[in-house]
Amino acid sequence: MGNWVENEGLSIFVVLVWLGLNVFLFWWYYLVYDVPPKFFYTRVLLGRALALARAPAACLNFNCMLILLPVCRNLLSFLRGSSACCSTRIRRQLDRNLTFHKMVAWMIALHTAIHTIAHLFNVEWSVQARVEEKGTLAAVLSGLGDKPHESYVNFYRQTIANPVGGLYVAFTYLAGITGVVITLALILIITSSTKTIRRSYFEVFWYTHHLFVIFFIGLVIHGAGRIVRGQTAESLAEHNPEICYKNFSHWGKNGACPIPQFAGNPPMTWKWVVGPMFLYLCERLVRFWRSQQKVVITKVVIHPFKTIELQMMKKGFKMEVGQYIFVKCPAVSKLEWHPFTLTSAPEEDYFSIHVRIVGDWTEGLFNACGCDKQEFQEAWKLPKIAVDGPFGTASEDVFSYETVMLVGAGIGVTPFASVLKSVWYKYCHDATNLKLKKIYFYWLCRDTHAFEWFADLLQSLEAQMQERNNADFLSYNIYLTGWDETQATHFVMHHEEEKDVITGLKQKTLYGRPNWENEFKTIAGKHPGSRIGVFLCGPEGLADTLNKESISNSEADPRGVHFIFNKENF
């Protein structure tokens, strides 16, 4: 149970608090508009739809306040790097920023749907009340404001019946126009954020996501028309609606109730979102400033498996293991930024990324760097690159554990290249202060070519460990998950050779997929009473498996073994 709390508990606590605040705000503002006499006459016109529109509006304000904070990368990196304000557990929650961002986005979509549907009824009933026959309370209320010294409660002042009247409200009133615009913007943002779109058409995702600017502008001015109106405090003092509504035909006459006066609710959204909007503006200014700093590509290396390595230098650039950067290549696109994990170590005098060619942008970068040409490319012909970052990830905490499991799938091995390089440099100089004592490294790949660019690093690290009589420091298992019959026959014939025929390492390549239950039980047996960090850069299905195994193989006793699961998110 202890490790379940550490792996899941704090995040579940955060989610429960967030859900609880949403429920509280919904219920509180529902009562605010459904019970007090201030909105008695408004409810006569609109019924329960009034409260059902205003309650989700409050939740929208709350969630729109939160939605920008998880994507303030510089703020999160600052908090993550500040040991004074961030414990390990809090840092692990900061690493789940995009998960929280998506949850908040879906909550915004839910409340937008409720708010919109409720207002559709409100508009229909407001228009209907304005054009219905005289003699009813709704008709009298809708007529208020037609004469001097009267204030209206029904925002619809025309006498055009439905459905034209409803369309008139939607496309001529400020609340209607902004409501349509921000709803369409939200639909485009959410539908283009699916995993399929992000992976196959990243440009579509990137451009439509920037509709958030239109969304927030529309959101802030949406309530400026003040169409939701309630009875004023001065009017309530002399006109009790719960009594006076019975004699509505005698309002304003001698000895009767005076005509009620109404005022619109002032806009409140800006108070909720002005703080996060200012922080995000500062975030974008910092990104722009850093993007203007000169970056020099010192080397381009073409690796197998459609992968290129860019080695770069930038004045004042400092990094930690496992961090990532955003890269823009104006020669390919003047606006697009793409995230890449740093594969270099902090000890090196350059920083590098590995880029797998899988889409239009990466293909454009490949060609801009001259990788599609046979001849040698001069340095001055290489494209200009803008870099924003580095930003922190879960892999930064690798050196906080004595024992770690590093699991990479395909190109997901890149953050661990930085970790293993840093370990190698530390061992080359002085490893006495290194807390990390044991690494279990797993790499799962579908194709043999993917191993080639990483094998040199593993060979260097393997040799270094043997020279220092510490060969047990690194245990690595490389799994080939896809192969054909010809390859399998070749591997069997050479299985008895000293070194593996694929990687050139002493550790043989394994075929198929790991039995994770056995792996976790074996490691738990070798390190009783330890906190073991489990770090993954790979697909969601593998993340679910490792998270479940981390929980199920951890002991309830606080003094027992505990697996702490961490996943890369950017």
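The values are calculated or read from the model by the stated rules, or taken from the named source; none is laboratory data. These numbers were taken from a predicted model, which means no experiment stands behind them. Virtual Cβ from ideal backbone geometry, glycine too; neighbours counted across all protein chains shown. SASA here: full protein model, heavy atoms, side chains in, ligands and nucleic acids out. Shrake-Rupley method; radii C 1.70, N 1.55, O 1.52, S 1.80 Å.
Residue-wise test of (1) within 35 Å of the chain's Cα centre (by Cα); (2) surrounded by fewer than 20 Cβ atoms within 10 Å (Cβ to Cβ).
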position: 156; (1), (2): no, no
position: 163; (1), (2): no, yes
position: 171; (1), (2): yes, yes
position: 176; (1), (2): yes, no
position: 179; (1), (2): yes, no
position: 203; (1), (2): yes, yes
position: 208; (1), (2): yes, yes
position: 217; (1), (2): yes, yes
position: 229; (1), (2): no, no
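The set of residues in the range 98-127 that are buried (at least 18 other Cβ atoms within 10 Å of the Cβ) and of a type in the set (S, T, N, Q) comprises 112, 122, 126.
Checked against the criteria, residue 289 does not count as in contact with a Lys or Arg (Cβ under 6 Å, 6 or more places away or on another chain) and open to solvent by 30 Å² or more (accessible area, probe 1.4 Å).
Every residue, every condition in (1) open to solvent by 80 Å² or more (accessible area, probe 1.4 Å); (2) at pLDDT 85 or above; (3) not acidic (Asp, Glu), yes or no:
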position	(1), (2), (3)
330	no, yes, yes
335	yes, no, yes
345	no, no, yes
355	no, yes, yes
362	no, yes, yes
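Taken as a whole, the condition of being under 30 Å from residue 392 (Cα atoms) and modelled with pLDDT of 90 or more does not apply to residue 118.
Could you tell me whether any residue of the range 303-323 is in contact with a helix residue (DSSP H, G or I) (Cβ under 8 Å, 6 or more places away or on another chain), at pLDDT below 90 and among the aromatic types (Phe, Trp, Tyr)? Yes, the range 303-323 has at least one match. Identify the single condition in (1) surrounded by 15 or more Cβ atoms within 10 Å (Cβ to Cβ); (2) over 19 Å from residue 267 (Cα atoms) that residue 198 does not satisfy, given that it satisfies every other one. Of the numbered conditions (1) surrounded by 15 or more Cβ atoms within 10 Å (Cβ to Cβ); (2) over 19 Å from residue 267 (Cα atoms), the odd one out for residue 198 is (1).
Among the conditions (1) assigned by the TED database to the domain that holds residue 71; (2) touching a Ser or Thr at 6+ places or on another chain (Cβ under 8 Å), the only one that residue 277 does not satisfy is (2).
On the basis of being open to solvent by less than 50 Å² (accessible area, probe 1.4 Å), modelled with pLDDT under 90 and of a type in the set (A, V, I, L, M), does residue 256 make the cut?
yes
Screening the range 518-538 for residues that are part of a helix (DSSP H, G or I) and over 30 Å from the mean Cα position of the chain (by Cα) and picking the one that is surrounded by the most Cβ atoms within 10 Å (Cβ to Cβ) gives 523. Taking the numbered list (1) more than 30 Å from residue 369 (Cβ to Cβ); (2) of a type in the set (Lys, Arg); (3) in a strand (DSSP E or B) in turn, residue 299 passes all entries but (1). Note on the range 436-475: residues that are at pLDDT 80 or above and either among the hydroxyl-bearing types (Ser, Thr, Tyr) or surrounded by fewer than 15 Cβ atoms within 10 Å (Cβ to Cβ) (or both) total 3.
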